[in-house]
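What follows is a single structure, written as C-alpha cells, with notes after it.
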Amino acid sequence: MTAPRTDRWSSGGAYESYIGRWSRLVAPEFLDWLDIPRGRRWLDVGCGTGALTGAILERCGPRSVVGVDPSEPFIAHASATVVDARATFVVGTAAATGLDDRGVDVVVSALVLNFVPDLGDALAEALRVVSPGGVIAGYVWDYAEGMELLRRFWDAAVALDPDTRALDEGVRFENAAPDRLAAAFSAAGLTAVDLRPIEVPTVFADFDDLWTPFLSGTGPGPAYVAALAEPARNALRERLRASVSAEPDGSIRLVARAWAVRGRRPE
C-alpha cells in the first residue's frame, strides 16, 4: 500500500547526509553565476542546515545574511554550525519572512522553491523585502530527469508500487521544470529572468552510503521509506541496488543536476 504523502524535516544532521552534502556542491557554482558585489545584505529563504548561508559567507563578502526556515530543528542546526557574526537564523516561511520592506539586497533559496505552498506568494514576499534593483534567485533539483539519486529511488519505488507515482518528486514538483520557473519569475514582475543548469557529481562510498540516508525519515523519500513495512522496505532497497552500478572499489558515481533561476526587482 502506498504511504501517505508527508515531508518530514526533523533532523538537520540526517538531511546533511541525505541531500545537504550535494546541495553544498551546487552552492558555489550558483553564487559565482550570480556574481553579487561584496557588502550586500542577503536573505537565505528556506536556509535548512545553512549550506547556502555558509557558502555566501565564504565567497561573497556579505554585510549580513539572514537565514529563514520553518523547521526549528534546522534553524538550531544552522545556528550551531554556521558561526559568524554576520549571520542570523530565524524561524519563518517563504511567504512570511518577518523582514522589513526593502531590508535586503539579495534573496536566494536552495532546493526550496518547489516545496513552498504557493510560489507566487513566496516571490511576492521576496519582492517586498528586496531593494529596488535587487536580485532574487534560487535553485531546485531537476527531479524529473537530472537528479539521478532521486530519479533512481522513485523509479524503483514506482516499479514495486505504481500508486507511488503520486509521491514521486518529479511528478509532484512541476515548478522544478525550467520553463515553469522562468514563467513564475516573469509573472511575479521580475526582469532580466535567466536560467542555467548546474551539474555536480554525487559519489557514494558504497551502496550503504547511498541507502542509509533513506532510513532517516527526513525528506520526502526517507519519509516514504519510514512508512513502509519491513518486507516492502527490503524489496525497495534491493530494487534500488539493482538499478545502480558500482565501480571496482565499490563506489557508486551518479550525477545531480539543478536548475538555477534569477531575476531582478525593477528599479
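The values are calculated or read from the model by the stated rules, or taken from the named source; none is laboratory data. Computed from a prediction, not measured in an experiment: that's the story for all the values here. Ideal geometry is used to build each Cβ from the backbone, glycine not excepted, and the neighbour counts take in all protein chains shown. These area figures cover heavy atoms from the full protein model, side chains too; ligands, DNA and RNA do not enter into them. Shrake-Rupley method; radii C 1.70, N 1.55, O 1.52, S 1.80 Å.
Evaluate E = 1/(1 + (r/R0)^6) for Asp84 and Ala205, where r is the Cβ-Cβ distance and R0 equals 22 Å; express this FRET efficiency to the nearest 0.05. Present the calculation step by step, with values, prior to reporting the outcome.
Details: r = 30 Å, r/R0 = 1.38.
Rounded to the nearest 0.05, the efficiency is 0.15.
Which value, in nm² and rounded to one decimal, describes the direction-averaged projected area of the C-alpha convex hull of region 41-128?
Numbers: hull surface 20.0 nm².
Answer in nm², one decimal: 5.0.
Of all DSSP beta bridges in region 1-153, what percent run antiparallel (nearest 5)? The partial results should precede the final answer.
Working: 1 of 21 bridges.
The answer is about 5 percent antiparallel.
Tally Lys/Arg at +1 and Asp/Glu at -1 over every other residue whose Cβ is under 14 Å from the Cβ of Trp211; what's the total? Please report the intermediate quantities before stating the final value.
Values: positive: Arg152, Arg233, Arg237, Arg239, Arg241; negative: Asp206, Asp208, Asp209, Glu238.
Residues close to Trp211 contribute a combined charge of +1.
With all protein chains present, how much of the accessible area of the chain (probe radius 1.4 Å) comes from carbon and sulfur, to the nearest whole percent? Present the calculation step by step, with values, prior to reporting the outcome.
Values: 5710 of 11420 Å².
Here carbon and sulfur together make up 50 percent of the probe-accessible area.
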Note to self: How are the alpha carbon pair distances in region 209-267 distributed across 10 Å bins from zero to the largest one, expressed in percent?
What the structure shows: 17, 36, 26, 11, 8, 2
Check: Using only Cα atoms, what is the ratio of the radius of gyration of region 164-260 to 2.2 N^0.38 Å?
Finding: 1.38
Margin query: Running a GNM on the chain with Cα contacts under 10 Å, which residue among Glu58, Glu16, Glu148 ends up with the highest mean-square fluctuation?
Written below: Glu58
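Tally Lys and Arg at +1 and Asp and Glu at -1 over the other residues with C-beta under 11 Å from the C-beta of Gly48: what net charge comes out?
Values: positive: Arg24; negative: Glu16, Asp44, Asp69.
Cβ neighbours under 11 Å give a net charge of -2.
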Next item on the list: List the residues of region 211-233 whose backbone N lies under 11 Å from a point placed 7 Å from the Cα of Asp163 along the Cα-to-Cβ direction.
Entry: none
Check: Over region 1-152, what per residue volume does the convex hull of the Cα atoms give, in whole Å³?
Finding: 121
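Using the alpha carbon gyration tensor of the chain, what are the three equivalent-ellipsoid semi-axes (square root of 5 times each eigenvalue), largest first, in whole Å?
32, 19, 17
By its C-alpha gyration tensor, with a ≥ b ≥ c as the square roots of the eigenvalues, how is region 29-90 shaped: rounded for a/c under 1.5, else prolate for a/b larger than b/c, else oblate?
Values: a/c = 2.07, a/b = 1.72, b/c = 1.20.
Prolate, because a/c is 1.5 or more and a/b exceeds b/c.
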Checklist line | CD proxy at 222 nm, helix term only [per DSSP H run n ≥ 4: -39500 (n - 2.57); per residue of the chain; nearest 500] | finding: -10500 deg cm²/dmol
Check: All other residues with a Cβ under 10 Å from the Cβ of Ala256 taken together, and with Lys, Arg as +1 and Asp, Glu as -1, what is their net charge?
Finding: -1
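Find the accessible area per residue for region 111-251; the probe is 1.4 Å, ligands and nucleic acids are left out, and the unit is Å². Could the numbers behind the result be given before it?
On the way: 5790 Å² over 141 residues.
Averaged over the residues of region 111-251, the accessible area is 41 Å².
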Checklist line | Label point distance in nm, Asp101-Glu145, each placed 7 Å from Cα along Cα→Cβ | finding: 4.3
